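The numbers here are math on the coordinates, done by the rules we state, and not lab data. Because the structure is predicted, anything quoted here is derived from the model rather than measured. Here the Cβ positions follow ideal geometry from the backbone for every residue, glycine too, while neighbour counts run over all protein chains shown.
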Amino acid sequence: MKILVVNAGSSSIKYQVVDMTDESLLAKGLVDRVGIPGTTLEHEPVGKDEVVIKKDLPDHTEGMKLVLEVLTNEEYGVVKSMDEIGAVGHRVVHGGEDFSESVIIDDNVVKAIRDCFDIAPLHNPPNLMGIEACQNLMPNVNHVAVFDTAFHQTMEPENYMYALPYEAYEKFKVRRYGFHGTSHKYVADRAASMLGKPYEDCKVITLHLGNGASMAAIDGGNVVDTSMGFTPLQGLVMGTRSGDIDPAIVFFLMEKLGLDFSEANNYFNKKSGMLGVSGVSNDLRDILEAASSGNERAQLALDIYYNRVKSYIGSYMAKLNGCDCLVFTAGVGENGYDIRENICKDLEFLGIKMDTEKNKVRGKEVDVATEDSKVRILVIPTNEELVIARDTYNLSK
Ligand code: ADP
C-alpha cells in the first residue's frame, strides 16, 4: 500500500508518498505561499529531477489539487492514478486530552480537532483545512490523524498540571501537553534498537533540537515529562521563542512596551530566543559563525541555550532515576556537533562522556559516547513522516 502523508500549515502544505511494502520514500514536496500571491510547489520525486511549479493558489483545496496532479503526472509523477494511494495520514498538532494515539478521522475526530482551535489557534485550523481538502478530493480512502501531543499523554498529573487555581484546568484545559511527540516517539524507539535493549526496559532522554525545540524523559516507552507545555513556548530556548521565563515578565513588558495580547504573543514567540538575544538570526549556524568571529551576544545566546538544555538533562536524570541514553535529533541535534559537544561538556558526574572525535558527524545514526560512558549519547535523524505513514498503514491495512 502507498500512503500519502500531509502536513498542512497556515500557508504551506508538505507532503510525502511512502511505499509501505519496504517503507521507501517515493516523493516529497512542499507547496509554499498557499493563499498568498507567489505560490510555489517544489516536488522531489525520488530518482528524478526536482520540479518547481509557480501558480497562484487561493486555498488548501486548490493546493492539494495541484499536489495530486503532480503525483499522477506522466513525466514526474510517482503513481499512475490516485487509486494507488491506500490512505492519507495527516499531521495534527493538538489532540488535547482526547487522543493518546493516532485515529481514523470521522466526524467526532473532526469535532475534537475543532475543539482544540482555542488552545492551538495557529496550528489546528490549517491542519483541519488540509484534512477537509484531502477528504473532498479523496473521499474513498481512510484519512488518519497523527497528533503531536498524543505520545505525551502518558504523563502523570504531577508532571502535566500547573500550580494554578484548579479551575484553569477544569474550565479551560490549561495543562502541559507537550509537542514534537511523533519525533520523540520515533527516536526513542530507534534508540532502543541501537542499544539492543527491549523498548520497555529503556530509559531515554530525547532532545529534539530544531528551530522549535523540546526534550522528553521516556521510561519504557512512556513519556514521564516533556519540556514544552500548554503551548510550544515553554521549555528550551528556541530559534525565536524564549522558552522558560518568569511569567511576571509578560505583564511587566506588556505594560512597559504598551503591547496588546497579540503583540505580546509575537514578542515571546517570534522575537525572542536565539534571535532576540543574539540580534543576529534564529538560525544556529549563523549564530555559531557570529560567535566565532567575536560577537559577544551571539556567544551569550549560545551559552544560555546550552545552559537550559543542561538544566533539563539534570532534571530528567532525576525524574527517571538515571538513564540509558541521550538522543540528539532534528536540525540542530543531528547536524550541530559543536552544539552537542557543548551540551555534553562537564556532565561526567552524571555518567555522560562524549567522544568528541566520533561526535564530528552530521545526520547519521551513531553512538558518540566514549567506550566507558555509562550513558550512551546517540545521534538519530528523526523521521516524523515515517511514523505518520506507519500509523496510517496500520489503521488501514
Ligand atoms: P524545524 O522543523 O523546527 O523548522 P529543523 O529540525 O529543520 O527545524 O531544524 C532547523 C534548524 O537546524 C535551523 O534553524 C538551524 O539552526 C539548524 N541547523 C541545521 N544545520 C545545522 C548545523 N550544521 N549546525 C547547527 N545548526 C544547524
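Between ILE245 and ILE104, the contour length at 0.36 nm per residue exceeds the alpha carbon distance by 47.0 nm. Taking a straight line from the alpha carbon of LYS358, these lysines sit under 22 Å away, with near neighbours fewer than eight places off in the same chain left out: LYS310, LYS345, LYS374. 3J(HN,Hα) along segment 248-260, derived from phi through the Karplus expression 6.51 cos²θ - 1.76 cosθ + 1.60 where θ = phi - 60°, amounts to 5, 4, 4, 5, 4, 6, 4, 6, 5, 9, x, 8, 8 Hz, with x in place of Gly and Pro. In this label model, ILE304 and GLN135 are separated by 4.3 nm, measuring between points 7 Å along each Cα→Cβ vector. Which of SER373, SER214 comes first, and how do the rest follow, when ranked by fewest Cβ neighbours within 10 Å? Result, fewest neighbours first: SER373, SER214.
Applying both filters, DSSP loop and at most 16 other Cβ atoms within 10 Å, to the trypsin sites (Lys or Arg not before Pro) of segment 1-101 gives ARG33, LYS48, LYS55, LYS80.
Per-peptide packing, taken as the mean over residues of other Cβ atoms within 10 Å, places 204-211, 216-223 in the sequence 204-211, 216-223 from highest down.
Does segment 18-167 come out rounded, prolate or oblate by the C-alpha gyration tensor, with a ≥ b ≥ c the root eigenvalues, rounded set by a/c under 1.5 and, if not, prolate when a/b is larger than b/c and oblate if not? Please list the in-between numbers first.
On the way: a/c = 2.27, a/b = 1.82, b/c = 1.25.
Note, shape of segment 18-167 comes out prolate.
Among beta bridges from DSSP that stay inside segment 2-147, the antiparallel ones total about 70%.
So if each residue of separation counts as 0.36 nm, and I subtract the Cα-Cα distance between THR356 and SER10, what length gain in nm does that give? Show your work: numbers first, answer last.
Working: separation 346, 0.36 × 346 = 124.56 nm, distance 4.05 nm.
Value of the extension gain: 120.5 nm.
Label separation (ASN222 vs GLU255): 4.4 nm, computed from points 7 Å beyond Cα along the C-beta direction.
Beyond a 30 Å Cα-Cα separation, which of these cross-linked pairs lie in this structure: LYS14/LYS48; LYS54/LYS360; LYS2/LYS111; LYS2/LYS203; LYS54/LYS80; LYS173/LYS197?
On the way: LYS14/LYS48 19 Å; LYS54/LYS360 39 Å; LYS2/LYS111 28 Å; LYS2/LYS203 34 Å; LYS54/LYS80 23 Å; LYS173/LYS197 37 Å.
Correct reply: LYS54/LYS360; LYS2/LYS203; LYS173/LYS197.
For the chain, what does the helix formula give at 222 nm: sum of -39500 (n - 2.57) over DSSP H segments with n ≥ 4, over the residue count, nearest 500 deg cm²/dmol?
Working: 14 runs with 147 residues, N = 397.
Calculated at 222 nm, the ellipticity per residue is -11000 deg cm²/dmol.
Would you mind ranking MET228, MET161 by Cβ crowding within 10 Å, fewest neighbours first? Could the numbers behind the result be given before it?
Working: MET228 28, MET161 15.
So the residues, fewest neighbours to most, are MET161, MET228.
The lysines within cross-link reach of LYS270, meaning a Cα-to-Cα straight distance under 19 Å and a gap of 8 or more places when in the same chain, are LYS256.
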